[in-house]
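Visitor: I have a structure I would like to understand better, so I am pasting it below and will then ask my questions one at a time.
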Amino acid sequence: MQNYLKSAKLDNVCYEIRGVVLREARRLEEEGHRVLKLNIGNPAAFELDVPEEIQQDVIYNMHLAQGYVESKGLFSARKAVMHYCQQRGIDKVDIDDIFLGNGVSEMIVMSMQAMLNTGDEVLIPAPDYPLWTAAVTLSSGKPVHYRCDEQQDWFPDIDDIRKKITRRTRAIVLINPNNPTGAVYSRELLEQVVELARQHNLIVLSDEIYDKILYDGTEHIPTASLADDVLFFTYNGLSKNYRAAGYRSGWMIISGAKHRARDLIEGIEMLSNMRLCANVPAQLAIQTALGGYQSIDDLVAPGGRLFEQRETAWNLLNDIPGVSCVKPKGALYLFPRLDPKRFPIVNDEKLVLDLLLQERILLVQGSAFNIDDKQHLRVVFLPREDTLEDAMKRLAHFLSSYQL
Ligand code: PLP
């Protein structure tokens, strides 16, 4: 009998954050082992709850969420996003320029499906949040990775971007604050990217889902606030800033040179209509979230949980012989490097699997983030300090005796 096969269009689509190693961790848990999970940026899994006011409003308004709504999303929610744009200097955004989705994830896939013809190229940072590469590949585009320089606080290498622009390049992705590196880009860097986009007629796709998770007084600049003659798509949502990852609530804002994007916008509207609308109860949370005072500021200020956890994990990682880590300025992750002289790693997935089997700690290998070297790991610093201390001690122990 013939087997049922997946479609060929999935052949090169990868999303390893939830891949083989995670399956192995689940197996260990089913056998009764306790695994320290430092692998996924899911705040609610670490007692970082959705603010009470947002939860209560969703419950109170649940009876209003029984039917489909307009496919772009509830007017009140999009109005709140529009006000957010005004506050953040993203000018001339109308209600109709905002699309709500089941998380940023859906909007990333939808926009790539609408934008790309076969072989169209999209410039994506390396390392990246791998959904971007997967979405471009799924949409028959070609992901072209540009280098982010660890020596320069993981900032994008502008010369590398410039070299990689071809006549097939349609867009450039920025993830700012960055997952997995924690980099937060300066105005100068963003202006250089915008200038390249202007010169080569590229669309700037700016994933800003961590824009409120900032440390050490770092300022976040929305890329779309820097020009109105370039086409920008800005992505954001409730998953991280409001710890509501399970609500599946995100949005995409189209701004700048919209008048040159009528056909593309029609395409996005069609895809948006085809899936009827995003989850409505979660749309009810957006106005309360963006209009309220339940920001993440207390968690990221000195003494706050996220700030202190970042300090602890970063210090302990840098104390491990052969390990160094750029200090993240935003988001929820550390991306340490294992010195290749001490650890000439050939297969980083195997290293992460061995770490899981020996020490019961779950991390993600750097190569899952589309970087070509095998010398990095991604560590989520959402667990409480005592768990992070335990995990870093076990990582140090594992590395001290690891035979490659
Ligand atoms: N973009 C980045 C950079 C992320 O790190 C994530 C999730 O980790 C997402 C998008 C997905 O967000 P959402 O939960 O809104 O789908």
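Visitor: Pairs of Cα atoms under 8 Å, at least six residues apart: use those to get the relative contact order of the chain, whole percent.
Guide: Relative contact order for the chain comes out at 23 percent.
Visitor: Rounding to the nearest 10 and keeping the result within 0 to 90°, find how far the Cα-based axis of helix 75-87 lies from the longest principal axis of the chain.
Guide: 70 degrees
Visitor: Okay, moving on. Per residue, what accessible area does the range 278-383 have, given a 1.4 Å probe and all protein chains present, in Å²?
Guide: That works out to 36 Å² for each residue.
Visitor: Then there is this: Taking the Cα atoms of the range 182-252, report the difference between the largest and smallest coordinate on each principal axis, in whole Å and largest first.
Guide: 39, 28, 17
Visitor: Still on this structure, I have one more. Scattering from the C-alpha atoms of the range 1-146 alone, worked out with Debye: what is log10 I(q)/I(0) at q = 0.11, 0.18, 0.22 1/Å?
Guide: Summing over Cα pairs of the range 1-146 leads to -0.72, -1.27, -1.29.
Visitor: Apply the Karplus curve 6.51 cos²θ - 1.76 cosθ + 1.60, θ = phi - 60°, to the phi angles in the range 223-233 and return the couplings in whole Hz, x for Gly and Pro.
Guide: Rounded to whole hertz, the list is 4, 5, 7, 8, 7, 10, 9, 10, 7, 10, 10.
Visitor: Using the crude model of +1 on Lys and Arg Cβ and -1 on Asp and Glu Cβ, and no other charge, please compute the dipole size for the chain relative to its Cα centre, in debye to 20.
Guide: In debye, rounded to 20, the chain gives about 920.
Visitor: Do the sum for the chain: with -39,500 (n - 2.57) for every DSSP H run of n ≥ 4, divided by all residues, what is the mean residue ellipticity at 222 nm, to the nearest 500 deg cm²/dmol?
Guide: Values: 13 runs with 147 residues, N = 404.
Taken over the chain, the calculation gives -11000 deg cm²/dmol.
Visitor: Exposed loop sites here are GluC sites (Glu not before Pro) in DSSP loop states with at most 15 other C-beta atoms within 10 Å. What is the longest stretch of the chain lacking them?
Guide: Counting at most 15 other Cβ atoms within 10 Å as exposed, the longest clean stretch of the chain is 220-404.
Visitor: Return the long-range amide H neighbours of L231 (sequence gap of 5 or more, or a different chain), with a cut-off of under 5 Å between placed amide H atoms.
Guide: Excluding prolines and chain starts, which carry no amide H, the hits are V204, A257.
Visitor: Per residue, how much space in cubic angstrom lies within the convex hull of the C-alpha atoms of the range 225-362?
Guide: Cα convex hull per residue, to the nearest whole number: 220 Å³.
Visitor: At a 1.4 Å probe radius, carbon and sulfur cover how many percent of the accessible area of the range 52-291?
Guide: Numbers: 4490 of 9400 Å².
Whole-percent figure for carbon plus sulfur exposure: 48.
Visitor: Any of K79/K258; K37/K327; K6/K142; K327/K393; K6/K163; K258/K329 with alpha carbons more than 24 Å apart? Name them for me.
Guide: Details: K79/K258 18 Å; K37/K327 21 Å; K6/K142 20 Å; K327/K393 19 Å; K6/K163 36 Å; K258/K329 32 Å.
In this structure, K6/K163; K258/K329 lie more than 24 Å apart at Cα.
Visitor: Could you report the range 115-173's accessible area per residue, 1.4 Å probe, as an integer in Å²?
Guide: Values: 2380 Å² over 59 residues.
With the other protein chains kept in place, the range 115-173 gives 40 Å² per residue.
Visitor: Let me ask something additional. Quick one: 3J(HN,Hα) in Hz for the range 186-200, Karplus 6.51/-1.76/1.60 with θ = phi - 60°, rounded, Gly and Pro as x.
Guide: With the stated coefficients, the range 186-200 comes to 7, 4, 4, 4, 5, 5, 5, 5, 4, 5, 4, 4, 4, 5, 10 Hz.
Visitor: Projected onto the charge dipole of the chain (+1 at Lys/Arg Cβ, -1 at Asp/Glu Cβ, origin at the Cα centre), which of Y15, F75, V230 gives the Cα projection farthest towards the positive end?
Guide: Y15
Visitor: Taking one equal scatterer on every alpha-carbon of the range 119-252, how large is log10 of I(q)/I(0) by Debye at q = 0.11, 0.16, 0.22 1/Å?
Guide: Values, matching the q order: -0.37, -0.80, -1.51.
Visitor: On the Cα set of the range 52-291, report Rg and Dmax in Å, please.
Guide: Cα only, the range 52-291: 17.2, 54 Å (Rg, Dmax).
Visitor: Rounding to the nearest 20 debye, state how big the charge dipole of the range 85-156 is about its Cα centre with +1 on each Lys and Arg Cβ and -1 on each Asp and Glu Cβ.
Guide: Around 120 debye, computed over the range 85-156.
Visitor: Quick one: 3J(HN,Hα) in Hz for the range 316-331, Karplus 6.51/-1.76/1.60 with θ = phi - 60°, rounded, Gly and Pro as x.
Guide: 5, 5, 5, 6, 6, x, x, 10, 9, 8, 5, 6, x, 9, x, 6
Visitor: Another question, then. Given q = 0.07 Å⁻¹, what are the Debye log10 I(q)/I(0) values for the chain, with equal point scatterers placed on the Cα positions and solvent ignored?
Guide: -0.32
Visitor: From largest accessible area down, sort L353, L190, L276; use a 1.4 Å probe on the protein chains.
Guide: Putting L353, L190, L276 in descending order of accessible area: L276, L353, L190.
Visitor: On full extension of the chain, what length is gained from Q152 through Y293, given 0.36 nm per residue of separation minus the C-alpha to C-alpha distance?
Guide: 47.3 nm
Visitor: Another question about this same structure. Amide H of T169 versus every other amide H placed in the peptide plane: which residues, excluding those fewer than 5 positions away on the same chain, fall under 5 Å?
Guide: E121
The values are calculated or read from the model by the stated rules, or taken from the named source; none is laboratory data. The shown structure was predicted, so the numbers you read here are calculated from the model rather than taken from an experiment. Heads up, the Cβs are rebuilt from the backbone with ideal geometry, glycines too, and the neighbour counts pull from every protein chain shown. The protein model used for the area step is the full one, side chains on, heavy atoms only, and it has no ligands, DNA or RNA in it. Shrake-Rupley method; radii C 1.70, N 1.55, O 1.52, S 1.80 Å.
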